[in-house]
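This report refers to the structure that appears directly beneath it.
Please treat every number below as a calculation from the coordinates, not as lab data. This is a predicted model, so every value here is computed, not measured. In this analysis, Cβ positions are derived from the backbone assuming ideal geometry, glycine residues included, and neighbour counts consider all displayed protein chains.
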Amino acid sequence: MDTKDAIAARRSIRSFKPDPVERRVVEELLELAVQAPSAKNDQPWRFVVTERQSKERLVETLQQALEEVESQGQSTGSMRGSLQAMAEAPLVILVFNRMSRRHLPQPYQYVKLLVDTQSLGAVIQTFLLAAQDMGLGTLWICDVLFGTGPVQEFAGCTDELVAAIALGVPAESPQKRPRLAWQELTAWME
Ligand SMILES: Cc1cc2nc3c(=O)[nH]c(=O)nc-3n(C[C@H](O)[C@H](O)[C@H](O)COP(=O)(O)O)c2cc1C
């Protein structure tokens with residue numbers, strides 16, 4: 001598939017077939033994803049791949065976090081739906097930020113946060129497009145941030161949780177979601 005086709009065909013997939021994804025495929029996707037650009041080539045990303053029992057434990061961990069948040073009367077938005085997608089997907093990859101800004105004074109911490117966030121977005125999108133190229137479906141999930149502390153404990157890491165990616169064989173072909181026209185969002189200064 002060429003890059004333009006992968007960009008055009010990619011959709012957020014929220015329903016997956018139970019078919020497993022082979023480890024070598026995930027390794028190839030990660031190898032492609034880390035080709036993404038990053039500020040100063042700092043590569044702030046870290047990944048934790050969960051499958052089978054570990055993925056089930058992750059979903060349980062987030063289910064408990066969801067109930068905790070709801071018991072405090074706070075809204076959890078689309079988290080229930082995201083958890084359903086994670087439960088169906090054979091693999092969920094947690095994405096962490098190495099948090100190298102920790103020791104910086106302000107305002108550099110804020111700048112580094114913005115910069116790292118862009119690098120992390122680049123690695124996630126590269127992963128998504130590579131998966132699309134291989135006929136796999138993905139969901140980029142930030143709802144996991146409702147359970148940051150418990151997920152860090154689950155993964156045994158103190159890095160900053162950024163997102164999760166659910167990965168598997170799609171069991172749906174969603175319609176293209178609408179986009180604002182770039183012409184309305186772009187000022188062209190000649
Ligand atoms: C930063 C980011 C966070 C997202 N978090 C979630 C999420 O937690 N749950 C979910 O179902 N979709 C999530 N999505 C997917 C978006 O809802 C989706 O990309 C958007 O509706 C456009 O649909 P499309 O991806 O099919 O084009 C996220 C996407 C991005 C880029």
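Centroid-to-centroid, using Cα positions, region 145-190 and region 119-134 are 10 Å apart.
Full extension of the chain segment joining residue 157 with residue 11 gains 49.5 nm, where the gain is 0.36 nm per residue of separation less the Cα-Cα distance. Each of 4, 112 was scored by other Cβ atoms within 10 Å of its Cβ. Listed from fewest to most, they are 4, 112. Scaled against the 2.2 N^0.38 Å expected of a compact globular protein of N residues, the Cα radius of gyration of region 3-174 reads 1.03. Using Cβ point charges alone (K and R +1, D and E -1), the dipole size of region 3-174 about the Cα centre works out to roughly 420 debye. Extension gain, residue 35 to residue 23: 0.36 nm times the residue separation minus the Cα-Cα distance gives 2.4 nm.
Ranking 69, 117, 106 by Cα position along the charge dipole of region 67-164, where only Lys, Arg, Asp and Glu carry charges on their C-beta atoms, puts 106 farthest toward the positive end. Working ranking of peptides 170-178, 56-64 by packing, defined as the average number of other Cβ atoms within 10 Å per residue, highest first, is 56-64, 170-178.
Only beta bridges with both residues in the chain are counted; by DSSP, about 95 percent of them are antiparallel.
Tell me what the chain gives for mean residue ellipticity at 222 nm when only DSSP H runs of n ≥ 4 count, each as -39,500 (n - 2.57), the sum divided by the residue total, rounded to 500 deg cm²/dmol. That comes out to -14000 deg cm²/dmol.
Count the net charge of all other residues whose Cβ sits under 14 Å from the Cβ of residue 125, scoring Lys and Arg as +1 and Asp and Glu as -1.
+1
Here the Gaussian network model covers the chain, with springs between Cα atoms less than 10 Å apart; of 127, 96, 146, 146 fluctuates the most. Measuring between alpha carbons in the structure, the pairs from 4/40; 17/176; 40/112; 4/55 lying more than 22 angstrom apart are 4/40; 4/55.
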